[in-house]
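A short worksheet on the structure shown next.
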Amino acid sequence: MDFLKKLFEQGKEIYNKLSRTKRIIIAVVVVVVIASFGILFTVSSSQPNILLFEQLSSDDFGQITKKLDEMGYKYETAGTNSIYVKPQERPIIVTRLAQENMLPKGIPGFKLFDTTSWTETDRELDVKYMRALRGEIQRHIESLQNIEKADVEIAMSEDSLYSDKDTPYTAAVTVHLAPGYEKLSTKEIKGIVYLVSRAVGPRLKPENVTVTDNTGKIISDFDDEFENEKKEYTIIEFRRKIEEQARVKLLKEIRDGLERIYSSDRIQIVRLNMDFNWDKITEEQTEHTPITMVPDDPKTPYSERKVQDSLVISEKSTEENFKGHGWNPQGPAGTEGNTPPGYKASDDQYAQYDKKENIKNHAINKTIRNIARDPYDITRVSVAIAIDGQQDLPRKADGEYDLDPTKKPVQIPLTEDELRKAENIVKKAINFDEARGDQVAVENIMFDRSAYWNSIREEYRKKEQLKMLLLASLIGLVALFVGFILFRAIQKELERRRRAREEALALEQQRMREAALRAAEEEGIDVELSLEERARLELQQSALQLAKERPDDVAQLLRTWLAEE
């Protein structure tokens, strides 16, 4: 006690000697240490979190954690499939999640076998196996893209002691489609049915699996007979398409071949029928041929080939000879034999035995062929063709058409030889086989070309009318051109005469004026001229002066004026 008191006094003395800043630091450190111990004690005394759910799917994990955040509960997670909460809060959380219908439904699967008990019976093991198998099937179905949830129930029927047959199992599957999917196709439903059947085993037949939707409607009750009929109808349609393609191809080949000989408007294929056999035939042939000992030399014109029917690959010879009687065994010495007296007498007779055996095994060439026929065979072909003769309108001596409607067109029929050649061409084109019942008919029939002849007459008549119209138009244009030229010539002549009269009048007036001027000058009378008359007078004097000095240029100028007029 005194030690503690002394220690307290020393501490107090040291504390009093410290400065104010150091005292504050020491006080803060002491408070922090005390608070740390308090928090550590509180945390160590609290209970650890316990598991709420584990092995959750991604959707369940996200929904439950979101709901816990909304409820305000604290939780911890391990990965993305386990959630831990406080022990005292777990019952409340489970209750509230149950009220919200958000408890995840566990799918046990084969994890049921992780824990075993030595008291389990065979029946319990079967039930546990079926539960595990059901969980695995459910998990597999729910992993499909278009299925959100699935329920699987499997009924295990017990075998009867009085029957040697196994009682089949039955199963019921309810599927809930994922958002965005309206229904499952027939192949998808069959996939689910066979998935469940194959997973359970041979005792669950596909016909004993029932698939329903979330409304309880059976969706696995589809009609296989209808599917088979639909498939058969598809096959029939495909065969018809192939037959039509083959018929059109042969028809085109026949038409193209005949059109190279006759014009296209003279050929008319009335009908082309082809019968097909779609039976599948697989044939196996065995052929035996001789063995070639010396092959043929292709360089020589003759054959050096030597053959032999067979070769000996093994041989056996046997020869036996026997003369006299054989040894007849008796009983032990001193006892009478068991041979009857009659046999003894016959045994003393002379005997001779010969045997010869000669066996030879020969080898020959053997060829085995497995032949698969074409998917179809053409059993019969029927063709009917009409060929027109040569037809033309009657012509005049100059080669022009005679368009008289009362005259009939000229018709030249085909000869028998031409018809026979055309028939042979068609037969070769269809691979004619009389044994299978092929029929070919090629006839010469004059086609009705009345409309064609009338159109030619009408066209020729229109051409003639057009020629007359063009000729009349040409004559009118020539007449118009000639009239225009005459009109221009007359107009120029009238204009020339008018100018000549005006020039003569002007010259007359000029002479009169000049005479008056000369008379006035002679009399000494001063005559005053106007500006126009003075300019004209000066122009005349200049022209007279120019004509005297350069007469050739003036003559050329006058000729140019006259040409322009």
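Give me, ordered by chain and number, the residues 5 or more places off Y169 or on other chains with an amide H under 5 Å from its own placed amide H.
For Y169, whose amide H was placed from the backbone, the distant partners under 5 Å are L204, K205.
Per residue, what accessible area does segment 234-318 have, given a 1.4 Å probe and all protein chains present, in Å²? Spell out each step's value before the answer.
Details: 6520 Å² over 85 residues.
That works out to 77 Å² for each residue.
What pairs from K187/K230; K190/K241; K280/K428; K252/K280; K249/K421; K66/K86 go past 19 Å between their alpha carbons?
Values: K187/K230 15 Å; K190/K241 31 Å; K280/K428 27 Å; K252/K280 28 Å; K249/K421 22 Å; K66/K86 17 Å.
Going by Cα-Cα distance, K190/K241; K280/K428; K252/K280; K249/K421 fall outside the 19 Å limit.
Compute the FRET efficiency between A155 and K183 as 1/(1 + (r/R0)^6), taking r as their Cβ-Cβ distance and R0 = 35 Å, and round to the nearest 0.05.
On the way: r = 27 Å, r/R0 = 0.76.
Approximately 0.85, to the nearest 0.05.
Need one word for segment 188-300: rounded, prolate or oblate. Basis is the Cα gyration tensor (sqrt eigenvalues a ≥ b ≥ c); a/c below 1.5 gives rounded, then a/b vs b/c decides.
On the way: a/c = 4.81, a/b = 1.57, b/c = 3.07.
Cα axes put segment 188-300 in the oblate bin.
Could you put V31, V482, V381 in order of accessible surface area, largest first, with the 1.4 Å probe and the full protein assembly present?
Values: V31 95, V482 70, V381 0 Å².
Per-residue accessible area, sorted high to low, gives V31, V482, V381.
The values are calculated or read from the model by the stated rules, or taken from the named source; none is laboratory data. Everything numeric here is computed off the predicted structure, so don't read it as measured data. Neighbour counts run over all protein chains shown; Cβ positions are idealised from the backbone, glycine included. For the accessible areas, the whole protein counts, side chains as well, though only heavy atoms, and no ligand, DNA or RNA atoms are used. Shrake-Rupley method; radii C 1.70, N 1.55, O 1.52, S 1.80 Å.
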